[in-house]
1. Taking segment B:47-78, which residues are more than 29 Å from the chain's Cα centre (by Cα), within 9 Å of chain A (Cβ to nearest Cβ) and either assigned to a helix (DSSP H, G or I) or over 17 Å from B:ILE149 (Cβ atoms) (or both)?
2. Confirm whether B:ARG279 is surrounded by 15 or more Cβ atoms within 10 Å (Cβ to Cβ), within 30 Å of B:TYR122 (Cα to Cα) and within 14 Å of chain A (Cβ to nearest Cβ).
3. All but one of (1) part of a strand (DSSP E or B); (2) away from chain B (no Cβ under 14 Å); (3) not polar (S, T, N, Q) hold for A:ASP61; which doesn't?
4. Report the residue count in segment A:65-98 for those that are within 23 Å of B:ALA133 (Cβ to Cβ) and more than 9 Å from chain B (Cβ to nearest Cβ).
5. Considering only segment A:141-156, I want to know if a residue exists there that is without any contact (Cβ under 8 Å) to a residue 12 or more places away in the chain and either more than 10 Å from chain B (Cβ to nearest Cβ) or under 22 Å from B:ARG36 (Cα atoms) (or both).
6. Quick check on segment A:267-289: of everything there that is surrounded by 15 or more Cβ atoms within 10 Å (Cβ to Cβ) and outside any helix (DSSP H, G or I), which residue is modelled with the highest pLDDT?
7. Mind checking which helices (runs of 4 or more DSSP H) fall wholly inside segment A:73-152 and carry at least 1 residues that are assigned by TED's automatic domain parsing to the domain that holds A:LEU175 and at pLDDT below 90?
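The values are calculated or read from the model by the stated rules, or taken from the named source; none is laboratory data. It should be emphasised that the depicted structure is a prediction, and the values quoted were computed from it without experimental measurement. Methodologically, a virtual Cβ is constructed for each residue, glycine included, from the backbone with ideal geometry; neighbour enumeration extends over all protein chains shown.
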Amino acid sequence: MSHAMIELRGLHRFFGPTRAVDDVSFQVHAGQVFGYIGPNGAGKTTSMRILATLDQPTAGDAFVDGFSVVEDPDRVRRRLGFMPDYFGTYANVDVAEYLDFYARAYHLRGPARREAVDRVMHFTGLDVLADKPINGLSKGMKQRLCLGRALVHDPPVMVLDEPAAGLDPRARIELREMIRGLAKQGKTILISSHILTELAEMCDVVGIIERGKLIAVGTVDEIQSRVRRPHNVVEVALLDGVDVLGNWLLERPGVSAIALDGQTLRFAHEGNAEAEADLLRAMIEAGFRVSAFGARRQTLEDVFMQVTQGLVQ
Amino acid sequence: MSGLAEPTAAQPPPARRRVARWWATAESLLERAGDRLNPILVKEARQALKSRLFVVTFGLLLICAWGGTIVGLAIIGPEAAFGFRGSTMFAVYFVILAFALLVIVPFGAFRSLAVEQEDRTYELLSITALGPAQIIRGKLTSALLQMLIYLSAISPCLGFTYLLRGIDFVTILYILGWLVLASLGLSAIALLLGTLTEQRQLQVILSVMTIVGLLFAFGVAISVAMIVLFEEALPFSEPQFWTTSGALLSVYLSYLVLIYLAAVSRITFASQNRSTPLRIVMVVQHMLFTGWLAVLAIVVQIGDPDFYAFCMIILVLHWYAMGSVMLGESPELSLRARRRLPQSFLGRVFFTWFNPGPATGYVFALCGTLASAAMTAAGAAVVGNLGGVVVRGARLSADRVFGVFLLGVLSLCYVAFYLGVALLLIRLLRRWARIDVLGATLIQVVLVLVGCGLPPVIQAMSLPWRSQGWTVLQATNFFWTLSDLAAGQRLPPGMEQTVWLLPAMALAVFVLNLRGILREVEYVRVAKPTRVAEEDAALAPPPPPPPRPSPWD
């Protein structure tokens, strides 16, 4: 296997009594897309800021391409493109000038600089807005610009903190396509997002963090198998009597994690398709007026809900 | 192929082609030069051109200059044609220009860093390949560019003052030169202040302090300029004037470099060695002061002992201030800083004190104070009886030379005591809180207030001591002790005990700090991590080893 492009080794970051990051360790190998998920305040942004050399760990260390973020941040910065959860734009600057400034800041000169700016504007679709002042851009366009800024020096490692936050569905889909494009280029990507369905489609590996502690790392299937026996999620819609069905299901074998959403009931079911068909028949025989019944494989969202407890600090 | 000749495109005339070629070459050269410019300078120049604030300020400067011209000429009247009223008009333009250069430009520099922090663009800037020195240089050159724009806008008016007679060209240049230097210095200080804190509340307090300080500097500049223009003309023909100007310029430049490096070190990442460059500049400054003092002692032969006492106090205060700042450094030496520590015996003996750390900083400041005291006492001895040199005015008596020597000893003791106590306090407080440069300086201020402010209050409230002069209660009060000593150049009555008390106090505090000093001295060089060594080797293969290793390495 290729060497780790990102490595967190026993990383701790305390703010007074708050343990924002508490002994977090994981590796991301070259070309992998790592989804970093967790509830708000779990410690995702803090870990990412340490990786981006914007903060210092209380203990432990993080490495980018083998260089320590504590001891050699200058070498890390040359290899890393960081997109934070804020824009950080200047007043009285237009799109092309903004990207040109950052290209200069990465010591790109002459034709190399112009090529880098053109490449990034083309990739992010900002070439038509080159002369537009940044302040006049929509949120989606600003997000593209920030992605462009992080990409201007063509870094092999990208750290993206909530890149899709606050975007409309169209802008989100477009951004997702861009990130997929980056993954295809072979960049190592660490991405945090709370839109888990999107992450599941993009990520090779997922890390779940809660209250500063990394509670699971691996592919969605690996985490699922580690946490609990494999099961499907079943959704049942009734015309009436949903509350009664909940109690009725609790007495059935292999049923767990029952959640109510209006007239729809969602629960985990261990068993094959035949067992699900038997369950449906039993429901109808028991007099429940079932209007819809469907089973699906666990999603990242389901795994996340099972693994985390919704605790904040 | 047809037999008909192809119609050729109309060629421009040779002269126009030459111009086009020349223009293309010039454009390419300019672009290449633009590539070499600091990115921050380029960005801020672009921003300023679109900024309403700059347009308004520049417009106001022009309006004030034009208004001043019209009003000034109206007041001068027909005398403008035959009188010598250049100085009057120059004073008007100087006030306008000084406000722009001493208030607007430095405050703009302060705000430019503060705004970067408020808008969180600073974080993004700091993780680019731009080094901290490039960031500060970019901001400073941007301030310099603004100064030049303001200066060029008002230059026709300044030329006009020369035509009005009453002021010579050298005076105009001399005053403007110092004005630009003062503006640059204040911009550097403003940038340093801008790096001190990222907290919004402290930024507001610093903004107010910066404005007040800049207005004060503006007032001082106006006063000095008025004296030069209307009361005491500059003696350009005297060689001593240029010697003094040279000395002032060198002192100014040394402090400018020190402030610039201090600002750079404030925004440098924590594991980098942020202290050694500053300490090197401090040593250079010390050598510079020594040089100028030697010139004054040997060449000019200043025989006034007060002069040496004054020089000593200034130098000791300088080292005391530097020591206070160095105490705020972290006692932990990063692995990165340890990669370049001296290894040889001589290197470790002489260069360990240049390593970052509060305890090494303490010893470094003490060495500087000792050297300053020894140097000024030697200066006094050279021009006094001990040196046997006949000086201008009265010969210095041995007593008076001894007074300067004693002043040096007591100054050293005070520096050792105050810095030592602060170092002990900082080490204690670091168990619970993070103490940085700002915190260390505040601790020192509190110590001085307690040590020098409290004893006079107690003495004033005590019936038996109330009417007396210096008493032993004032042993910690260096203001009173040293000023009495400097005024009399010998021990005032009742101060004899202090001569023994102070060295004992200083020594005790030094001994208490020995453990911390030894801990910082024990750091040894560590090897580069393999990955770093690999990259260094790939980027620049190491040169062949020198034939003989240096004993200083």
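1. B:LEU49, B:LYS50, B:ARG52 - these are the residues of segment B:47-78 that are more than 29 Å from the chain's Cα centre (by Cα), within 9 Å of chain A (Cβ to nearest Cβ) and either assigned to a helix (DSSP H, G or I) or over 17 Å from B:ILE149 (Cβ atoms) (or both).
2. Numbers: surrounded by 15 or more Cβ atoms within 10 Å (Cβ to Cβ): yes; within 30 Å of B:TYR122 (Cα to Cα): yes; within 14 Å of chain A (Cβ to nearest Cβ): no.
When the stated conditions are applied, B:ARG279 does not pass them.
3. Checking A:ASP61 against (1) part of a strand (DSSP E or B); (2) away from chain B (no Cβ under 14 Å); (3) not polar (S, T, N, Q), the one that fails is (2).
4. Number satisfying all stated conditions: 2.
5. To start, the set of residues in segment A:141-156 that are without any contact (Cβ under 8 Å) to a residue 12 or more places away in the chain comprises none.
Scanning segment A:141-156, I find no residue that is without any contact (Cβ under 8 Å) to a residue 12 or more places away in the chain and either more than 10 Å from chain B (Cβ to nearest Cβ) or under 22 Å from B:ARG36 (Cα atoms) (or both), so the answer is no.
6. A:PHE288
7. Values: elements: A:73-79, A:95-105, A:110-124, A:139-151.
Because the criterion is at least 1 residues that are assigned by TED's automatic domain parsing to the domain that holds A:LEU175 and at pLDDT below 90, the helices (runs of 4 or more DSSP H) in segment A:73-152 that meet it are A:110-124, A:139-151.
Residue by residue, here is whether (1) part of a loop (DSSP other than H, G, I, E, B); (2) out of contact with any helix residue (DSSP H, G or I) (no Cβ under 6 Å at 6 or more places or on another chain); (3) of a type in the set (Lys, Arg); (4) surrounded by 24 or more Cβ atoms within 10 Å (Cβ to Cβ) holds:
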position: B:ARG340; (1), (2), (3), (4): yes, yes, yes, no
position: B:LEU346; (1), (2), (3), (4): no, yes, no, no
position: B:VAL349; (1), (2), (3), (4): no, yes, no, no
position: B:PHE364; (1), (2), (3), (4): no, no, no, no
position: B:THR369; (1), (2), (3), (4): no, no, no, yes
position: B:ALA374; (1), (2), (3), (4): no, yes, no, no
position: B:ALA380; (1), (2), (3), (4): no, no, no, yes
